[in-house]
Amino acid sequence: MKSWMLAVRALARRPGFALTVLGLLSLGIAANTALFSVVDTVLLKPLPYPDPDRLVTVYEANSAKSQATSLVAPPRIDEWGRIRDRIPSTDMVVKFVEQPGEKAKGVNLAPEEWRVFARINGRDTLAEIAQKTGLTEFDVCRIVYGFLTAGLVDVIKKSRPVPLNAAGRPLAEAPKVKKGLVSRIINRIRGM
């Protein structure tokens with residue numbers, strides 16, 4: 001008890017020093033508490049989600065433009081889901097329908113939609129159209145999905161190559177495809 005009394009008398013003789021020591025001690029304790037709270041919250045406590053070890057981040061890359069990867073927003077993932085219902089793969093081929101529906105009247109196309117529209121030939125897959133136009137596969141699928149809902153195009157699986165005989169002729173003749181009005185207009189535009 002005697003040593004405590006001596007310590008209190010020494011601090012009372014120098015009040016400036018005593019206040020400085022108490023201030024530094026309180027700052028150190030506060031900083032230590034704050035730092036531990038952050039470390040505990042960020043590193044030590046588990047995330048407030050079921051199965052936090054199964055959380056993922058979805059990135060997207062545009063291989064046609066050699067762009068770096070970017071985060072995909074949740075609405076874009078939802079849009080991919082709606083598109084995938086009608087366009088299950090980018091290996092699908094897009095072709096024009098013979099008679100466009102009523103929804104096709106008054107359709108206004110943006111420049112990137114015209115770029116995709118002009119590449120539809122019934123032979124190229126969606127991935128090939130994306131590569132030729134420089135758009136992402138998502139953008140091409142989104143545009144083609146719009147064409148599908150407007151009744152302008154149809155999406156089909158890519159046909160297998162026709163086997164050739166020894167003379168180099170196809171074993172089975174492919175039926176002649178009757179060109180629709182939209183196909184003729186596109187061919188005329190390409191010829192200009």
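Could you say which residue among 30, 10 is modelled with pLDDT of 85 or more and in contact with a helix residue (DSSP H, G or I) (Cβ under 9 Å, 6 or more places away or on another chain)? Give the steps one after another, and end with the answer.
Numbers: 30 fails: in contact with a helix residue (DSSP H, G or I) (Cβ under 9 Å, 6 or more places away or on another chain).
After applying the criteria, what remains is 10.
Please count how many residues of the stretch 39-57 are loosely packed, with under 10 Cβ neighbours inside 10 Å and either of a type in the set (S, T, N, Q) or farther than 30 Å from residue 77 by Cβ (or both). Walk me through it before giving the result.
If we filter the stretch 39-57 for residues that are loosely packed, with under 10 Cβ neighbours inside 10 Å, which is where we start, we get 41-57.
Within this subset, residues satisfying the condition of being either of a type in the set (S, T, N, Q) or farther than 30 Å from residue 77 by Cβ (or both) are 41, 44, 57.
Residues in the stretch 39-57 being loosely packed, with under 10 Cβ neighbours inside 10 Å and either of a type in the set (S, T, N, Q) or farther than 30 Å from residue 77 by Cβ (or both): 3 in total.
Within the stretch 104-145, how many residues turn out to be more than 21 Å from the chain's Cα centre (by Cα), hydrophobic (A, V, I, L, M, F, W, C), within 19 Å of residue 191 (Cα to Cα) and surrounded by 14 or more Cβ atoms within 10 Å (Cβ to Cβ)?
Count: 3.
I'm trying to understand the selection: among the residues of the stretch 125-150, which are over 18 Å from residue 82 (Cβ atoms) and touching a helix residue (DSSP H, G or I) at 6+ places or on another chain (Cβ under 7 Å)? Spell out how you get there, then give the answer.
Let us first name the residues in the stretch 125-150 that are over 18 Å from residue 82 (Cβ atoms), namely 125, 127-135.
Within the stretch 125-150, 127, 129, 130, 132, 133, 135 meet the criteria.
If you take the residues of the stretch 77-103 that are more than 28 Å from the chain's Cα centre (by Cα) and surrounded by 11 or more Cβ atoms within 10 Å (Cβ to Cβ), which of them is farthest from residue 185 (Cα to Cα)? Let's see the steps before the verdict.
So in the stretch 77-103, the residues more than 28 Å from the chain's Cα centre (by Cα) come out as 97-103.
Next, from what is left, pick out any that are surrounded by 11 or more Cβ atoms within 10 Å (Cβ to Cβ): 97-98, 100-101, 103.
Numbers: 97: 13, 98: 12, 100: 13, 101: 17, 103: 18 Å.
The qualifying residue farthest from residue 185 (Cα to Cα) is 103.
The values are calculated or read from the model by the stated rules, or taken from the named source; none is laboratory data. Quantities reported herein were computed from a predicted structural model and do not represent experimental measurements. Virtual Cβ from ideal backbone geometry, glycine too; neighbours counted across all protein chains shown.
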